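Engineer: Below is one structure. I have some questions about it.
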Amino acid sequence: MSIHTDRITRRFGAHTALADVGLHVATGELVALLGPSGSGKTTLLRIIAGLQQPDSGRVLFHGADATHVPVGERRVGFVFQHYALFRHLSVFENVAFGLRVRPRKCRPADGEIRERVDALLARVQLEGLGARYPHQLSGGQRQRVALARALAVEPRVLLLDEPFGALDAQVRKELRAWLRSLHDEMQLTSVFVTHDQEEALEIADRVVVMNDGRIEQVGTPGELLASPASDFVAKFLGRPRAVRELTAA
Amino acid sequence: MAHALRRPSVLPGFNLALGFTLVYISMIVLVPLAAVVVKTTALTLSQFWDTVTSPRVMASYRLTFGASLIAALLNTVFGLALAWVLERYEFAGKRVVDALVDLPFALPTAVAGIALTAIYAGNGWIGQFLEPLGVKVAYTPVGVLIALVFIGLPFVVRTVQPVLHDFEAELEEAAATLGANRWHVFVRVILPALAPALLTGFTLAFARAVGEYGSVIFIAGNVPMVSEITPLIIVTKLEQFDYAGATAVASVMLLVSFALILAINGLQSWNRRRYTRTH
Amino acid sequence: MESQTLYPHPLSAPVTGGERPQSAARRVTSPTTESALVRRVLIGVALGYFAALVLVPLVAVFVEALKKGFEFYVESLREPDALEAIRLTLTMALIAVPVNLVFGVAAAWAIAKFEFRGKSLLVSFIDLPFAVSPVIAGLVYVLMFGLQGWLGPWLAAHGIKIIFALPGLALATLFVTVPYIARELIPLMEAQGTDEEEAALVLGASGWQTFFRVTLPNIKWALVYGAILCNARAMGEFGAVSVVSGHIRGATNTMPLHVEILYNEYNFAAAFAVASLLALLAIVTLVLKSVVERRAHGAHAR
């Protein structure tokens, strides 16, 4: 499922959050939106999800205009920065939520819901934790519940807002590699927002560098490091990781 | 989108919820209050002025606002003491006291009125000890004061308690390491931090006291020019079918209420800002 | 509060659990508490003030109520006018609580979950009944629906009675209870934000599904809490209903008004008997309130 944004503009009062942003994400790609805070990356992600509306421009899913499709009908998986788990529901019920709220005629039977949720919990390595509540989990576990919940509705695209932002360094590194393999295994089309260049360069197929509501450069990690298109990109990416690690050692 | 009336949101139900809220609040509160303003215009300006400044009404303002002010001040001082004791010390029955602080919110005012009268009358449990000292409480302005102190008691306690609860001990420790004694720490470190909450509680207690009726009329004796509160003047005028007069006095009180609500909202947002800044 | 120490609570320790590790180290000689004498004086002063104003009156209600013996007490409550007053008071609560539940949720949804112009003004309007004298709350309805009021003559011509009848009492009660539930919900729903609702919508939930499955479970304790306070005010209101009631015995007298009538007839023991029921209501309200506070705190902590 490809994603295409066509000249998206979004203003908040006098501030322009996004100006004429056009972006293409091919089916099966894992793309990072990278930029400092206030660069418009989260706004772009939320517009793709349907959580916000652009002032002008279009969002297309696989070539079809989805700009005015309500958020619940877009079949996107969205992982919130602070997970937004339902605090009054168990892990199991959190994951089952998207199935349970379907209209009766397309709602799976209880047995099927159970099977699918259990399978998802296994996939995110949370077997046996279905009866726990969000507050009884670690940050990394919550993150994985949020992912399982998003995947339960079999989304066409997976959108993640700072997926590792609230985790400590060690857990971040583990989850990064795990997210990449999950993306490959499930053959998803994924977009994630981050302000951490290392994270973006390490796992994304392509990185979109954003600044001040505009796209500065789009390219593979290799392309960006080899030939940054602007001073901003060069500064923001900094020296390659390998070099930094050498000097740090 | 500076021109939009509301910031767009993906959540549904805004129009329904706001529409219902506006219709309800208009029907129950705003339109009826507007009736006061409209009815007041039935009087000429000089009639209005004569009504709201007649000696008996003036005396009632002095009593209502004066007693409310003193009651709120008393509650600020003793409310702070109660909040302090409840937050920082341990003593038997603390939980019960903490729960009972809200009694003046929960106890119907008429019940409070007759109970206070029974206690503070000349032969009452407490009144019998005060009478020999020449202090008459029931059926005097002091009785009005007692009733207003009662109904205003929870406000300062409840606004100060959370601030005291979350007060950073490091600030006091820092002051102590700098050589300040306990009194200095209290006056220079703790009190300034509590000031917005104290002021909010004071204003809430004052606002409540100004309009209070039920608990006061039993203990006040209601002697014109001496122990007659302004809300009672409104009721008396109504009972004499002097609607215009009742409305005129009510409009003066409404004006005060509006001013107090604005002050309270201002204070509370100041409180919040102040409070979050220390974090 | 659980840990009963002889020493004053260390300042850093929250009341709900003094388990901060460093607190144990500086108990007795803490530089951040007062001397034993000051503590004792403060406790004495604060509790003396509290007792003279709150505790003694509460006890007095029950003592006065039973002054003429238990039989007289029961008789005062079983007398037809008293029963009618109890029935009317319960009716007031049955009207005010459900109406304010709906209003409170609607107002809080609009105010807490959306940004719009004039919001703080709307909040002030909701607060207004807190600051307006209950007497004025009654007066406004007399001005609108009384015989000399705007709609009075028309209503009289059509045989509709609002003032000196149940609708007037209900309106006055609704006026004074407007803020109770809305004001409990607004800060809580603001603090909870809109993340969970957005997550529900992305997962395909409808608006009502989002409300009933996500929002409502998160605010249920605040709703109960507000309903308890609203109920107490509805049943105990005096000034506002006094103005619109006309004091018709056995017809438009709520319990607080019945107390007043008995008291003015010098039937003190009967007045205090009815009053003691209302005092019981207040005590039950406070107990329920503490229970809900603890529950809500527990729900919040997890």
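Engineer: Which of the numbered conditions does C:D81 fail, given that it passes all the others? Conditions: (1) without any contact (Cβ under 8 Å) to a residue 60 or more places away in the chain; (2) over 30 Å from C:P187 (Cα atoms).
Structural biologist: (1)
Engineer: Against the definition (surrounded by fewer than 23 Cβ atoms within 10 Å (Cβ to Cβ) and closer than 25 Å to C:P98 by Cβ), how does C:F268 come out, yes or no?
Structural biologist: Answer is no for this residue.
Engineer: Checking C:E184 against (1) away from every other protein chain (no Cβ under 11 Å); (2) over 30 Å from the mean Cα position of the chain (by Cα), which test does it fail?
Structural biologist: Of everything listed in (1) away from every other protein chain (no Cβ under 11 Å); (2) over 30 Å from the mean Cα position of the chain (by Cα), C:E184 misses just condition (2).
Engineer: Name the residue that is nearest to B:P224 (Cα to Cα), counting only residues in region B:33-84 that are in contact (Cβ under 8 Å) with a residue 60 or more places away in the chain and not in a helix (DSSP H, G or I).
Structural biologist: Step by step, filter region B:33-84, then rank; the result is B:L43.
Engineer: If you don't mind, another one. Determine whether region B:1-24 contains at least one residue that is surrounded by fewer than 20 Cβ atoms within 10 Å (Cβ to Cβ), more than 7 Å from every other protein chain (Cβ to nearest Cβ) and within 25 Å of the chain's Cα centre (by Cα).
Structural biologist: The answer is no, given that none of the residues of region B:1-24 is surrounded by fewer than 20 Cβ atoms within 10 Å (Cβ to Cβ), more than 7 Å from every other protein chain (Cβ to nearest Cβ) and within 25 Å of the chain's Cα centre (by Cα).
Engineer: Here's something else I'd like to know. Taking region A:124-145 as the region of interest, how many residues are within 14 Å of another protein chain (Cβ to nearest Cβ) and in a helix (DSSP H, G or I)?
Structural biologist: 6
Engineer: If you don't mind, there's one more thing I want to ask. What about A:V171, is it among the β-branched types (V, I, T) and at pLDDT 90 or above?
Structural biologist: no
Engineer: Can you tell me how many residues within region B:48-90 are within 25 Å of B:S227 (Cα to Cα) and over 20 Å from the mean Cα position of the chain (by Cα)?
Structural biologist: Count: 12.
Engineer: Please state which of the following conditions A:T194 fails to meet, knowing it meets all the rest: (1) modelled with pLDDT of 90 or more; (2) within 14 Å of chain C (Cβ to nearest Cβ).
Structural biologist: Answer for A:T194: the failing condition is (2).
Engineer: Restricting attention to region A:138-183, which residues are farther than 20 Å from A:R87 by Cα, of a type in the set (D, E, K, R) and touching a residue at least 24 places away in the same chain (Cβ under 8 Å)?
Structural biologist: Those that are farther than 20 Å from A:R87 by Cα, of a type in the set (D, E, K, R) and touching a residue at least 24 places away in the same chain (Cβ under 8 Å): A:E154, A:R156, A:E162, A:D168, A:R172, A:E174, A:R176, A:R180.
Engineer: To continue, here is another question. Find the helices (runs of 4 or more DSSP H) located wholly in region C:193-236 whose residues include 3 or more that are surrounded by fewer than 23 Cβ atoms within 10 Å (Cβ to Cβ) and in contact (Cβ under 8 Å) with a residue 60 or more places away in the chain, and list them.
Structural biologist: Because the criterion is at least 3 residues that are surrounded by fewer than 23 Cβ atoms within 10 Å (Cβ to Cβ) and in contact (Cβ under 8 Å) with a residue 60 or more places away in the chain, the helices (runs of 4 or more DSSP H) in region C:193-236 that meet it are C:216-236.
Engineer: Hey, could you check region C:237-255 for residues that are in contact (Cβ under 8 Å) with a residue 60 or more places away in the chain and at positive phi and say which is surrounded by the most Cβ atoms within 10 Å (Cβ to Cβ)?
Structural biologist: That would be C:G246.
Engineer: Further question: If only one of B:R208, B:R182 is surrounded by 16 or more Cβ atoms within 10 Å (Cβ to Cβ), basic (K, R), on the phi < 0 side of the Ramachandran plot and touching an Asp or Glu at 6+ places or on another chain (Cβ under 8 Å), which one is it?
Structural biologist: Answer to the selection: B:R182.
Engineer: Residues being in contact with a Gly (Cβ under 7 Å, 6 or more places away or on another chain), charged (D, E, K, R) and assigned to a loop (DSSP other than H, G, I, E, B): count how many of those fall in region A:29-85.
Structural biologist: Result for region A:29-85: 1.
Engineer: Just one of the numbered conditions (1) more than 17 Å from A:S39 (Cβ to Cβ); (2) surrounded by fewer than 16 Cβ atoms within 10 Å (Cβ to Cβ) is not true of A:D196; which one?
Structural biologist: Answer for A:D196: the failing condition is (1).
Rundown of residues vs (1) surrounded by 21 or more Cβ atoms within 10 Å (Cβ to Cβ); (2) under 29 Å from C:S290 (Cβ atoms); (3) at pLDDT 90 or above, yes/no style:
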| site | (1), (2), (3) |
| --- | --- |
| B:N75 | yes, yes, yes |
| B:V96 | no, yes, yes |
| B:A115 | yes, yes, yes |
| B:G122 | no, no, no |
| B:G134 | no, no, no |
| B:A138 | yes, no, no |
| B:G143 | yes, no, yes |
| B:A147 | yes, yes, yes |
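Engineer: Output the qualifying pairs, or none if there are none: Cβ atoms under 7 angstrom, residues six or more apart or on different chains, first residue in region C:103-120 and more than 7 Å from every other protein chain (Cβ to nearest Cβ), second residue of a type in the set (V, I, T) and in a helix (DSSP H, G or I).
Structural biologist: C:G104/C:I181; C:A108/C:I186; C:I111/C:V123; C:I111/C:I186; C:A112/C:I186; C:K119/C:I111
Engineer: Next question. Is it fair to say A:L121 is away from chain C (no Cβ under 14 Å), farther than 19 Å from A:L51 by Cα, assigned to a loop (DSSP other than H, G, I, E, B) and not aromatic (F, W, Y)?
Structural biologist: no
Engineer: Just to verify a result, which residue in region C:188-214, among those that are of a type in the set (S, T, N, Q) and more than 18 Å from A:A146 (Cα to Cα), is farthest from the other protein chains (Cβ to nearest Cβ)?
Structural biologist: C:S206
Engineer: Has region B:151-170 got at least one residue that is over 20 Å from C:E64 (Cα atoms), touching a residue at least 60 places away in the same chain (Cβ under 8 Å), facing chain C (nearest Cβ under 7 Å) and buried (at least 24 other Cβ atoms within 10 Å of the Cβ)?
Structural biologist: Yes, region B:151-170 contains a residue that is over 20 Å from C:E64 (Cα atoms), touching a residue at least 60 places away in the same chain (Cβ under 8 Å), facing chain C (nearest Cβ under 7 Å) and buried (at least 24 other Cβ atoms within 10 Å of the Cβ).
Engineer: Can you say whether B:Y89 is among the aromatic types (F, W, Y), buried (at least 20 other Cβ atoms within 10 Å of the Cβ) and over 19 Å from B:A205 (Cα atoms), as far as the supplied structure shows?
Structural biologist: no
Engineer: Among B:T230, B:T236, which is at pLDDT 90 or above, surrounded by fewer than 20 Cβ atoms within 10 Å (Cβ to Cβ) and over 24 Å from C:K119 (Cβ atoms)?
Structural biologist: The unique qualifying residue is B:T236.
Engineer: State whether the residues of region C:61-72 include one that is within 23 Å of the chain's Cα centre (by Cα), facing chain B (nearest Cβ under 7 Å) and under 30 Å from B:A81 (Cβ atoms).
Structural biologist: The answer is yes, given that some residue of region C:61-72 is within 23 Å of the chain's Cα centre (by Cα), facing chain B (nearest Cβ under 7 Å) and under 30 Å from B:A81 (Cβ atoms).
Engineer: Select, from B:V252, B:V216, B:V210, the only residue that is modelled with pLDDT of 90 or more, in a helix (DSSP H, G or I) and more than 10 Å from chain C (Cβ to nearest Cβ).
Structural biologist: B:V252
Engineer: Report the residue count in region A:54-83 for those that are of a type outside the set (A, V, I, L, M), out of contact with any Asp or Glu (no Cβ under 9 Å at 6 or more places or on another chain), surrounded by 14 or more Cβ atoms within 10 Å (Cβ to Cβ) and within 14 Å of chain C (Cβ to nearest Cβ).
Structural biologist: Adding up the residues that qualify gives 2.
Engineer: Only one of C:F116, C:F125, C:F103 is at pLDDT 95 or above and within 30 Å of C:F211 (Cα to Cα); which?
Structural biologist: After applying the criteria, what remains is C:F103.
Engineer: May I ask you to list pairs of residues, at least six apart or on different chains, whose Cβ atoms are under 7 Å apart, with the first in region A:116-137 being surrounded by fewer than 15 Cβ atoms within 10 Å (Cβ to Cβ) and the second being assigned to a loop (DSSP other than H, G, I, E, B)?
Structural biologist: Sorted first by the residue in region A:116-137, then by its partner, the pairs are A:A131/A:S90; A:H135/A:R87; A:H135/C:R302.
Engineer: Looking at region C:245-265 only, could you name the residues that are more than 10 Å from every other protein chain (Cβ to nearest Cβ) and assigned to a helix (DSSP H, G or I)?
Structural biologist: Hits for region C:245-265 are C:S245, C:I261.
Engineer: Another question, then. So if I check each of A:V31, A:V21, which one is within 15 Å of the chain's Cα centre (by Cα) and more than 14 Å from chain B (Cβ to nearest Cβ)?
Structural biologist: A:V31
The values are calculated or read from the model by the stated rules, or taken from the named source; none is laboratory data. Predicted, not measured: the structure shown is a model, and the values here were computed from it. Cβ coordinates were reconstructed from backbone atoms using ideal geometry, including for glycine residues, and neighbour counts include every protein chain displayed.
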